[in-house]
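Below is one structure; the comments refer to it alone.
Computed from the coordinates by the stated procedures, all read-outs in this text should not be read as laboratory data. None of these values were measured; they are calculated from a predicted model. Heads up, the Cβs are rebuilt from the backbone with ideal geometry, glycines too, and the neighbour counts pull from every protein chain shown.
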Amino acid sequence: MRRLLILAGGAGLALLMLCGLAGVMMFWLGREEQPAYVWKVVSRAAVFLPDGRLAVADDNQTVIVRFPEYQTIRELPAGGYLAASPDGSLLAIGIRGKVKLFDPDRGDMVGLLDCWPPGENIYPMHLSFSPDGRILAVAEAHHLRGPEVQLWDVVGQWQIGTIRIDEPEAKTVSALAFAPDGQLVVATYSEGVWLVDVEQRSVLRKLQSWPSQHIAFSPDGSRLSLSEIALVRTFDTRAWQVVHEQSFDQERPSADTMIRRLFSMPVAISPDGRWLATPNRMPPNDTFSLFESGPPRQTIALRRLADGGRVRVLSGAPIGLNQLLFSPDGAWLINVGLSEIRAWRVGG
């Protein structure tokens, strides 16, 4: 009997040690890396300029800061949603149906694109410059605008065309992006994602039958990553086949559910095309990290773009992520949350 008790005790101790070892391994494999910098900023959008400066906008103004010191260089008297031209000569700021064009070096407003009649409420605006910087694609997620993407010549400041998807399920635009070759626009609507030929203004194909909240192209255009509330898919653009995907094991909500409007699932691809940044999990509702005090955070995964393999986990912002952005030199990844911006060194 004594021998049985000794054996049982030894087995229990061994099991306890194995559990402890497993816990340590899970901690180290999935530990959340803390950011190098945290700035308490209430912002609607942010964008890097090609020289590494960071523009951060709220509803009323845009601040251009030196990064990563976060020292204010210039304040612009307009706020909203942002896009920077590839050469850094223009900063587009869109809100309530209009886009103001600024010279970020001098701080002067150099143009105004009057896209739609202004509304009383602020709806998300989506802005994307063509690779040569001559065309700006503009959309507003407003039911009165419908599935319309306007194309503007930013030099002459006139509208050169309109893209509309002639399908009943395409009601509002939720994201858009120029492909790196400038020949295609990827536009995601309330119930699908389409490839559009820019010159012909014609639809080439429908990529999927559900929307994407965010779009990211690799610099060489060979990969396209799309995200939604519970899934990130990466395509090989030569054959438009999915090469890998990350599922968050959640039931896909309809376009009108509150969870889609509350929780953004951004993606970003590094300038050298090596890394894919995605959410690591859905935003936690009522659980807290065992290794971090404060409110629950939607953590970030740094993955290999080639196969989607996760290599690092970063501690994200409270409640949810609005944007993920790599710095132009690829040395930094930032996430723009509802009330703060966090930065990690990821390269260089």
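Database remark: amide H of Tyr37 closer than 5 angstrom to the amide H of Ala343 (H placed geometrically; neighbours at sequence offset of 5 or more, or on other chains; Pro and chain starts carry no H). Per the Cauchy relation, a quarter of the hull surface: what is the mean projected area of the convex hull of the alpha carbons in the range 29-113, in nm²? Mean projected area for the range 29-113: 6.9 nm², to one decimal.
For the range 139-188, what does the convex hull of the Cα positions come to per residue, in cubic angstrom?
Values: hull volume 4.4 nm³, N = 50.
Cα-based convex hull of the range 139-188, divided per residue, equals 87 Å³.
Dipole magnitude for the range 103-163: computed about the Cα centre from +1 point charges on Lys and Arg Cβ and -1 point charges on Asp and Glu Cβ, it is near 140 debye. Taking a straight Cα-Cα cut-off under 23 Å and skipping sequence neighbours fewer than 8 places away in the same chain, the lysines within cross-link reach of Lys98 are Lys171.
Just the projected area, averaged over all directions, of the convex hull on the alpha carbon atoms of the range 57-209: how many nm²?
Its Cα hull, projected and averaged over all orientations, spans 9.3 nm².
Based on the mean of other beta carbon atoms within 10 Å per residue, what is the order of 334-342, 186-194, most packed first? Before the final figure, lay out the partial values.
Working: 334-342: 21.0, 186-194: 22.9.
Ranked from most to least packed, the peptides come out as 186-194, 334-342.
Between Val155 and Asp220, the distance separating the two model label sites (each 7 Å from Cα on the Cα→Cβ line) works out to 3.0 nm. Peptides 152-158, 86-92, 235-241 ranked from most to least packed by the mean count of surrounding Cβ atoms within 10 Å: 86-92, 152-158, 235-241.
Would you please give the FRET efficiency between Ser202 and Val311, computed as 1/(1 + (r/R0)^6) with r the Cβ-Cβ distance and R0 = 45 Å, to the nearest 0.05? It would help to have the intermediate numbers written out before the result.
Working: r = 40 Å, r/R0 = 0.89.
Between Ser202 and Val311 the formula returns 0.65.
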